[in-house]
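Report on the following structure.
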């Protein structure tokens, strides 16, 4: 059994296989998840992740069960009060082991990555990260399906401009593992730690990809075929708006910056976007923008990932008459 909490939970071959399987299932609409049940538990708001994945599971013949996080992660079943001396109505171990007897996977979006690790400690079924404070690996899967649709086998340079956040981390990790030249550009106060940069470099030594840290957006644009952005102010950081706007001055993705990129360059954004902040309307609505293609692929890669983890039990299989570039 495999969990998918971060990019490194899959090998390079498994990532490539999931992308290939996703394309195959996106075309055939097989009932690959027939009679499977997936528990959805979301501590944070979600549009693309929740709706796209639920549609994917439904199309493949599976079922989704939604549960309030307080009734599952908080152990406060039926809103009953805990007995004196206890912080919860029921232990996490008990709730997870119960769900493991009924369902085939748990798909959860959490505030803290430590919650996912706690679930894995007890779970007998795959835990799949719908986003945590540290990682967003499903977004990375959708992103690289999108990139491969646009650029085929060419390992084009990709640069994330903005905050060193969960989306950036998963994107860079998967890119390096798949052999892409990956770049990052952002203010030092919101950049990577030395330990994280060393982690990217270690991945580069192991795989055929690479990592470049740019000191300004101008240089990043000159050397990138894909410019990737995310919000400068993430959920829970609203109180930091003023200081972040000052720090990220000069890092907005606008027409002037995109004009420095090659003619075939693209813009990507995981969404939701704060239009006029990290990206202008002229860029996100232009023919260079791949944002809605990324959103569609959030559904497509869910098909491959959940089938791989639930039905194939993490085993690579042969897929005939398909290609990852469909």
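Okay, residues lined up against (1) assigned to a helix (DSSP H, G or I); (2) surrounded by fewer than 24 Cβ atoms within 10 Å (Cβ to Cβ):
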site: 111; (1), (2): no, yes
site: 115; (1), (2): yes, yes
site: 134; (1), (2): no, yes
site: 141; (1), (2): yes, no
site: 145; (1), (2): yes, no
site: 148; (1), (2): yes, yes
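Just give me the residues in the range 25-38 being touching a helix residue (DSSP H, G or I) at 6+ places or on another chain (Cβ under 8 Å) and surrounded by fewer than 22 Cβ atoms within 10 Å (Cβ to Cβ), in sequence order. Passing the criteria: 26, 29, 36, 37. Report whether or not residue 128 is assigned to a strand (DSSP E or B), closer than 22 Å to residue 24 by Cβ and either at pLDDT 95 or above or touching a strand residue (DSSP E or B) at 6+ places or on another chain (Cβ under 6 Å) (or both). For residue 128, the condition - assigned to a strand (DSSP E or B), closer than 22 Å to residue 24 by Cβ and either at pLDDT 95 or above or touching a strand residue (DSSP E or B) at 6+ places or on another chain (Cβ under 6 Å) (or both) - is met. Cβ-Cβ distances below 8 Å connect the following pairs, each with a first residue in the range 33-52 that is closer than 17 Å to residue 22 by Cα, a second residue that is modelled with pLDDT of 95 or more and assigned to a strand (DSSP E or B), and a separation of six or more residues or different chains: 49/109; 49/130; 49/131. Here residue 66 clears all of (1) touching a strand residue (DSSP E or B) at 6+ places or on another chain (Cβ under 8 Å); (2) modelled with pLDDT of 95 or more; (3) crowded, with 21+ Cβ neighbours inside 10 Å except the condition numbered (3). Note on the range 26-50: residues that are at pLDDT 95 or above, more than 15 Å from the chain's Cα centre (by Cα) and assigned to a helix (DSSP H, G or I) amount to 0. The test for being free of Cβ contacts under 8 Å to residues at least 24 places away in the same chain and either closer than 29 Å to residue 107 by Cα or surrounded by 21 or more Cβ atoms within 10 Å (Cβ to Cβ) (or both) does not hold for residue 307. Identify, please: which residue in the range 199-213 is in contact with a strand residue (DSSP E or B) (Cβ under 8 Å, 6 or more places away or on another chain) and outside any helix (DSSP H, G or I) and is, among those, farthest from residue 182 (Cα to Cα)? Per the criteria, the residue is 213. Whether a residue is surrounded by fewer than 18 Cβ atoms within 10 Å (Cβ to Cβ), outside any strand (DSSP E or B) and modelled with pLDDT under 95 was assessed, and residue 196 does not pass this test.
Hey, does the range 226-235 have a residue that's in contact with a strand residue (DSSP E or B) (Cβ under 6 Å, 6 or more places away or on another chain), buried (at least 21 other Cβ atoms within 10 Å of the Cβ) and free of Cβ contacts under 8 Å to residues at least 40 places away in the same chain? No, every residue in the range 226-235 fails to be in contact with a strand residue (DSSP E or B) (Cβ under 6 Å, 6 or more places away or on another chain), buried (at least 21 other Cβ atoms within 10 Å of the Cβ) and free of Cβ contacts under 8 Å to residues at least 40 places away in the same chain. Criterion first (in the same structural domain as residue 268 (by TED's automatic domain parsing), buried (at least 20 other Cβ atoms within 10 Å of the Cβ), within 16 Å of residue 294 (Cα to Cα) and in contact with a helix residue (DSSP H, G or I) (Cβ under 7 Å, 6 or more places away or on another chain)) does residue 174 satisfy it? Judged against the criteria, residue 174 is a match.
The values are calculated or read from the model by the stated rules, or taken from the named source; none is laboratory data. Source: prediction; values computed, not measured. Reconstructed Cβ throughout: ideal geometry from the backbone, glycine too, with neighbour counts over all protein chains shown.
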